[in-house]
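The values are calculated or read from the model by the stated rules, or taken from the named source; none is laboratory data. These figures come from a predicted structure and were not determined experimentally. Here the Cβ positions follow ideal geometry from the backbone for every residue, glycine too, while neighbour counts run over all protein chains shown.
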Amino acid sequence: EELLDLRHELDGIKVRGLDVPKPVVTWPQMSLSMSTLNVLRNLGYDKPTPIQSQAIPTIEAGRDVISVAKTGSGKTLAFGIPVLRHILDQRELGSADGPIALIMAPTRELAVQIQRELKPFLKAHQLKAACCYGGVPIKDNIADVKRGGNHLMVATPGRLIDLMASNSGRVLNLKRVTYVVLDEADRMFDMGFEPQVMKVLQSVRPDRQTVLFSATFPQKMESLAKKALVKPIEILVGGRS
Ligand code: ADP
Ligand code: MG
């Protein structure tokens with residue numbers, strides 16, 4: 001349908017969209033910070049995975065992305081490495097408080113896992129993240145968010161809504177958010193979180209960058225993607241299900 005332009009099919013990656021940035025297959029060619037390169041070296045991650053090769057340059061180019069690849073293909077760093085530059089570029093602008101990047105994940109376990117995986121990268125850049133999910137007292141989250149200084153927020157949609165509502169919206173301000181990740185979007189959809197996700201997105205500036213990562217991309221998720229993303233580039237590893 002419509003404007004899709006098939007650019008290449010390489011290493012089992014299928015990419016659809018307009019003006020697709022070229023994949024980059026080594027870390028040094030990605031123009032990452034020295035700190036990021038050091039962390040990657042310390043972790044022993046010799047080269048980007050296929051999804052990272054295509055998604056990182058595409059996200060760094062400012063494009064919205066729908067990225068579908070099976071579990072274990074390295075999706076966290078595919079959206080997580082671009083978070084770093086995004087925050088570093090934005091943080092000197094103005095003094096308003098609140099996170100600059102927001103990652104939504106369906107469950108507490110996944111939110112914790114994302115935060116854990118990004119931790120060495122955030123630390124190397126002196127960046128801070130808040131991680132908020134249900135099942136713990138909201139007052140702990142409120143204290144963390146109110147303390148301020150969190151550049152990144154990793155959260156489940158339900159807890160985000162609760163935080164946004166608390167104290168008439170004076171606790172969590174998403175005005176500064178310019179980069180949003182919907183991780184495990186198929187599971188968020190299956191768990192019925194679409195209304196919460198849409199509500200959160202309505203509180204974020206419309207000119208934000210939005211990226212969606214998922215293990216599968218069922219047809220019914222298409223309408224969510226259409227509402228939430230602008231001219232997305234689709235990156236599919238190993239076919240679409
Ligand atoms: P997904 O979100 O696609 O299920 P993850 O992002 O959780 O996958 O990554 C799966 C595993 O691969 C993690 O243990 C992660 O640390 C590791 N990993 C990620 N990127 C690389 C890489 N470029 N090289 C080697 N291992 C990697
Ligand atoms: Mg994942």
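When the stretch 143-172 is filtered for residues that are touching a residue at least 40 places away in the same chain (Cβ under 8 Å) and either within 16 Å of ligand 1 (Cβ to nearest atom) or buried (at least 16 other Cβ atoms within 10 Å of the Cβ) (or both), the ones remaining, listed by number, are Asn150, His151, Leu152, Met153, Val154, Ala155, Thr156, Pro157, Leu160, Leu172.
When Thr58 is tested against (1) within 16 Å of ligand 2 (Cβ to nearest atom); (2) β-branched (Val, Ile, Thr); (3) outside any loop (DSSP other than H, G, I, E, B), exactly one condition is not met: (1). On the given criteria, is Asp186 outside any strand (DSSP E or B), within 16 Å of ligand 1 (Cβ to nearest atom) and not hydroxyl-bearing (Ser, Thr, Tyr)? Taking the combined requirement at face value, the residue satisfies it. Summed over the stretch 116-128, residues that are outside any loop (DSSP other than H, G, I, E, B), out of contact with any Lys or Arg (no Cβ under 8 Å at 6 or more places or on another chain), away from ligand 1 (no atom under 12 Å from the Cβ) and of a type outside the set (D, E, K, R) total 1. On the basis of being outside any helix (DSSP H, G or I), within 16 Å of the chain's Cα centre (by Cα) and either within 11 Å of ligand 1 (Cβ to nearest atom) or under 24 Å from Ala225 (Cα atoms) (or both), does Thr71 make the cut? So Thr71 passes the test.
Within the stretch 210-233, the set of residues being assigned to a strand (DSSP E or B) and within 16 Å of ligand 1 (Cβ to nearest atom) comprises Val211, Leu212, Phe213, Ser214. Taking the stated definitions as given, is Ala101 at pLDDT 95 or above, crowded, with 24+ Cβ neighbours inside 10 Å, within 12 Å of ligand 2 (Cβ to nearest atom) and of a type outside the set (Lys, Arg)? For Ala101, the condition - at pLDDT 95 or above, crowded, with 24+ Cβ neighbours inside 10 Å, within 12 Å of ligand 2 (Cβ to nearest atom) and of a type outside the set (Lys, Arg) - is not met.
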